[in-house]
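Novice: First, the structure itself, so that you have it in front of you.
Read-outs: derived from the displayed coordinates by stated rules, not from any lab. What you see is a predicted model, and the numbers here were worked out from it, not measured in a lab. Neighbour counts are summed over all protein chains in view; Cβ atoms, including those assigned to glycine, are modelled from backbone coordinates with ideal geometry.
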Amino acid sequence: MLTQLTPLAGWFLLFILYSFLGCCGETIYCSLGQRKLCEKRGFLNGLICPIYGHGALLVLWVLRGGCANPLLTFLFGMALTTAVEYVTSCAMEKLFHMRWWDYSRYRFQINGRVCLLNSTLFGLACVFLCHFAHPRVMAFVNALIRRGSAVPLAALILVIYLIDIVLSVRSAIQIGDRLEKLHALQEELQNKLEELKAEQLQAMAEHLDRLEEAVEDRIEAHEAQKEARKARAMEKIRERMESVDQWSEEYIQRWEALKAETQRRTRQVMAAQDYFERRLVLSHPTLRSPRHSEALQRLREYIKNR
């Protein structure tokens, strides 16, 4: 049984090693660009990025370890890894309703999912993989196989890997649910404000109608009995204007109370995040939500301010 599992264990260890090396390479590249140590990149919590592992194995399998001409390895490798990145981007957006990376700001890109710069770097990485790294990595894996440690080591890593996948998928789903709640709170606030505004405008219109009638009555009275009624007419008008001011103040107080309640509930939703959710947001600085962009921006700002 162990003999039958050995080839699978070998391929799985290759996948993990290349996922690890890809994660390290991306972290170093991003850190150099930002001139500081950036957050660990990637969907999973561990020090691996599966997209690099899948891309490396696909290139090794399709190119049979690499073309004789490094230029062909570069071109075919660039095409294969670009296709992997594009398909992965589409699949993850379909699953979680979020765009996990976005190259729209780059000059040469396709739908923000892939860009020429990254594709070129992937092509160079394929040359390094096929003509330098893979023979040495393969020698290391073969040594593990000869010692009989490949299968138990692969089994242990597989358990950890599956746990990481479950945690990461759970976090992605929770982020989506949290964005839904934040969006719903914002819509609820907007609807209530519209209702409050309509209520106040209606009350104001009715009061102005009554005020207009009162002014007309007082003008008629003023014409009939000038000085005697003039003072009382002006007093009545002042009283009605004061009531308008009171309504305006009441409207502001109700608006402030409604806004404060919404902010309190929003903070509760944001504060309920766990470490894995925060890491997932920070590790994808270009993460976008086509449906809840404003909610995601507020969530990102909240996490950074913490």
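Novice: So, counting K/R as plus one and D/E as minus one, what does the shell of residues with Cβ under 14 Å around residue 138 add up to?
Specialist: +3
Novice: Need one number: nm distance between label points at residue 263 and residue 28, each 7 Å from Cα along Cα→Cβ, rounded to one decimal.
Specialist: 4.7 nm
Novice: Step through the residues of region 142-151 one at a time and calculate ³J(HN,Hα) from phi using the Karplus curve (6.51 cos²θ - 1.76 cosθ + 1.60, θ = phi - 60°), rounding each to whole Hz and writing x for Gly and Pro.
Specialist: Once rounded to whole Hz, the list reads 4, 5, 5, 5, 5, 7, x, 9, 5, 5.
Novice: Taking neighbour Cβ counts within 10 Å as the exposure measure, how do 100, 255, 61 sort from fewest upward?
Specialist: So the ranking, lowest neighbour count to highest, is 61, 255, 100.
Novice: Among the listed pairs 259/304; 94/192; 94/304, which are separated by more than 30 Å between their Cα atoms?
Specialist: 94/192
Novice: How much length is gained on full extension from residue 186 to residue 166, taking 0.36 nm per residue of separation minus their Cα-Cα distance?
Specialist: Numbers: separation 20, 0.36 × 20 = 7.20 nm, distance 3.04 nm.
Taking residue 186 through residue 166 to full extension adds about 4.2 nm, to one decimal.
Novice: I'd like to compare 103-109, 152-158: which one has the highest average count of other Cβ atoms within 10 Å, and what's the full order after that?
Specialist: Per-residue Cβ counts within 10 Å, averaged per peptide and sorted highest first, yield 152-158, 103-109.
Novice: In whole Å, what is the distance between the alpha-carbon centres of region 133-160 and region 41-77?
Specialist: For region 133-160 versus region 41-77, the Cα centre distance is 18 Å.
Novice: I would also like to ask the following. With labels modelled as points extended 7 Å from the Cα through the Cβ direction, what inter-label distance (nm, one decimal) is found for residue 143 paired with residue 106?
Specialist: Distance between label points: 3.6 nm.
Novice: With each pseudo-label sitting 7 Å past Cα toward Cβ, what's the residue 274-residue 72 distance in nm, one decimal?
Specialist: Calculated label separation equals 5.0 nm.
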